[in-house]
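See below for the structure under consideration.
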Amino acid sequence: MSLPIAVLVSGSGSNLQSIIDRIEQGVLDAEIKLVVSNKAGAYGIERAKRHGIPYRVLLHTDYPSREAFDQEMVDAIREAGVDETGIVVMAGFMRIVTPVFLGAFENRVINIHPALLPSFAGVNGQADAADYGVKISGCTVHFVDEEMDHGPVIIQAAVPCQAGEDGDVLAPRILKLEHRVFPQAIQWIAENRLEIKDRHVELRVAGRPCAEQPKADIHPSTYALVWPPLEKGF
Ligand code: GRF
């Protein structure tokens, strides 16, 4: 059975689109039961409509408390058919969720953040990294816990940053990788291959941790991003 998922959006929904595309290509074994937006006019809702996916617009400003809003989301997601076997995917959802939400989907909520956590948490990950002058930034998919941009890390991808580049230059470079790593993380959950131990997420292959798999002797340059690149002799 496909993994039932709900996707939460607040904006353009390009990450939602990447999930839809991978499902339609047959590489991601999931079914989007519901898209929820907390913003009227979010383009993510247009994407849901275009693909015949059920959607709800729930405006947090209509609710007396964060908890009341979260309970409404929980009810909508449950009604749409995401039970305890499913997950909730926060794809550019610009709102902190409370224990009301996290308790309903324990260890079943994931988020994508456009920086290499724990660096540059918050709403301006790309610009904060660029302004700091880092040489490498990227994106992180993680399980959501009660602290913002904090839960156990599932996958990260790195991109180089050049002197003088600002957040607007970095954002699309990072977004391209978001569109690859987010569907991959969901597929690992669909295959029941992730195990959280303390805050370490283990990726399993054929029932064993990947680290125990026989490894080829791989040259560091094929798996490490060093930026600026190392020069001859190093
Ligand atoms: C992404 O960069 C995501 O990491 C961040 O917000 C952006 C959302 O983009 N949380 P989109 O709505 O998926 O296009």
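By the count of neighbouring beta-carbon atoms within 10 Å, fewest first, Y43, Y55, Y132 end up ordered Y132, Y43, Y55. Compute the Rg to Rh ratio over the chain from the alpha carbon atoms, using the Kirkwood formula for Rh, and round to two decimal places. Over the Cα atoms of the chain, Rg/Rh equals 0.98. Rounded to the nearest 10 degrees, the angle from helix 66-79 to the longest Cα principal axis of the chain is 80 degrees. Taking the longest Cα principal axis of the chain as reference, the axis of helix 167-190 is set at about 70 degrees.
A full extension of the chain between E46 and D131 corresponds to an added length of 27.3 nm, given 0.36 nm per residue minus the alpha carbon distance. Placing dummy labels 7 Å off each Cα toward the beta-carbon, the span from E195 to D75 is 3.9 nm. Stretching R180 away from R66 to a fully extended chain increases their span by 37.9 nm, per 0.36 nm per residue minus the current alpha-carbon distance. Once the Cβ-Cβ distance of N124 and D145 is raised to the sixth power relative to R0 = 25 Å, the FRET efficiency obtained is 0.75. Footprinting exposure proxy ranking of K39, K49, fewest other C-beta atoms within 10 angstrom first, gives K49, K39. Using every pair of distinct Cα positions in segment 112-234, the Kirkwood expression returns a hydrodynamic radius of 15.9 angstrom. Scaled against 2.2 N^0.38 Å for its residue count N, the alpha carbon radius of gyration of segment 16-134 is 1.14.
All of the numbers you see were taken from the coordinates with simple rules; none came from a lab. Computed from a predicted structure; not experimentally measured. Cβ sites come from the backbone with ideal geometry, for glycine too, and all protein chains shown count toward neighbours.
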